[in-house]
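Note sheet for the following structure.
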Amino acid sequence: TQLLEQSPQFLSIQEGENLTVYCNSSSVFSSLQWYRQEPGEGPVLLVTVVTGGEVKKLKRLTFQFGDARKDSSLHITAAQPGDTGLYLCAGLAGKSTFGDGTTLTVKP
Amino acid sequence: GAVVSQHPSRVICKSGTSVKIECRSLDFQATTMFWYRQFPKQSLMLMATSNEGSKATYEQGVEKDKFLINHASLTLSTLTVTSAHPEDSSFYICSARKSGMSSYNSPLHFGNGTRLTVT
């Protein structure tokens, strides 16, 4: 079974602060995706990273895929209350394996 | 594009009854759909993989006779919770992958979930 560990599980910060969420596995994934989910809704895809060492930016969000394709990170710069939500990483290898999730709360 | 509609969004049923949840891909065909269960502030737990025209593949520990899955067309998968009990109360979410897309880097498109409450 391929497992993805996300850390931290819960994160509460003030508006304007920076944060990093980590997604780690002992398995190699062909690609990895990050999703954001708001309460009562389904997850929405943020990014897919495919190449080891790849870095992708989406406005204030920076995603990195580890060189060995076993880990990934999500960095948010100058967090805003609208960033609040559950962030999920998912490794793809046929079916998706989801991480434990990180619940982010950004206080105004 | 790539919209997945899940219905109903909320359902309350009495213990012992059955509930059917639909997952439709509105603007694409999906050979494969997935059903998840999610508890508050937790991640998605994959229950089963629904394959069009064939039997679903269930994850370990998921009772196939309790959670019936039917994927009769390329745009519709249904999950029926049979003889529901209060412990089945949860948030159920489906996702779909576009037919023909590689399973190694294509995104999953999620429905908005169904909140099931069994009284």
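Throughout, read-outs are computed from the coordinates displayed, never taken from laboratory work. Remember, predicted model here, so these are calculated numbers, not experimental data. No Cβ is skipped: glycine too gets one built from the backbone with ideal geometry, and neighbour counts run over all protein chains shown.
Here the average projected area of the convex hull drawn through the C-alpha atoms of the range B:1-46 stands at 4.6 nm². Taking each residue as 0.36 nm, the span from B:GLU59 to B:SER5 lengthens on full extension beyond its C-alpha to C-alpha distance by 17.1 nm.
By how many nm would the segment from A:LYS56 to A:THR105 lengthen if fully extended, with 0.36 nm per residue of separation less the alpha-carbon distance? Let's see the in-between values first.
Values: separation 49, 0.36 × 49 = 17.64 nm, distance 2.30 nm.
Fully extending the segment from A:LYS56 to A:THR105 adds 15.3 nm.
Where Lys and Arg each count +1 and Asp and Glu each count -1, what net charge lies around A:THR51 among other residues with Cβ under 12 Å from its Cβ? It works out to a net charge of 0.
In peptide A:49-59, how many Cβ atoms from other protein chains are near each Cβ within 10 Å, on average? Don't jump to the answer; show the numbers that get you there.
On the way: counts 1, 2, 0, 0, 0, 0, 0, 0, 0, 0, 0.
Partner Cβ neighbours, averaged per residue: 0.
May I ask for the Rg/Rh ratio of chain A, computed from Cα atoms with Rh as the Kirkwood radius, given to two decimals?
Details: Rg = 13.1 Å, Rh = 13.7 Å.
My calculation of the ratio gives 0.95.
The stretch between B:PHE39 and B:ASN112 holds 24.8 nm of extra length on full extension. This uses 0.36 nm per residue minus the Cα-Cα distance.
On alpha-carbon atoms, Rg over Rh for the protein assembly as shown using Kirkwood Rh? Radius of gyration over Kirkwood radius for the protein assembly as shown works out to 0.98.
Can you compute the charge dipole magnitude of chain B about its Cα centre, using +1 on each Lys and Arg Cβ and -1 on each Asp and Glu Cβ, nothing else charged? Give it in debye, rounded to the nearest 20. Walk me through the numbers on the way to the answer.
Details: 12 positive and 8 negative charges, 37 e Å.
The calculated dipole for chain B is roughly 180 debye.
In loop segments of the range B:1-58 as defined by DSSP, the trypsin sites (Lys or Arg not before Pro) with at most 10 further C-beta atoms inside 10 Å of their C-beta are B:LYS14.
Arrange the following residues from fewest to most other Cβ atoms within 10 Å of their Cβ: B:HIS85, A:HIS75.
Details: B:HIS85 11, A:HIS75 16.
Least to most surrounded, the residues fall as B:HIS85, A:HIS75.
If the rule is a partner Cβ under 4.7 Å, which cysteines in chain B fail it? Those would be B:CYS13, since no other cysteine Cβ in chain B comes under 4.7 Å of theirs. Over the whole of B:16-26, what's the average partner chain Cβ count within 10 Å per residue? Rounded to a whole number, please. Per-residue shielding by partner chains comes out at 0. Straight-line cross-link reach from A:LYS95 at under 17 Å between alpha-carbon atoms covers these lysines, not counting any fewer than eight positions away in the same chain: A:LYS70, B:LYS55, B:LYS98.
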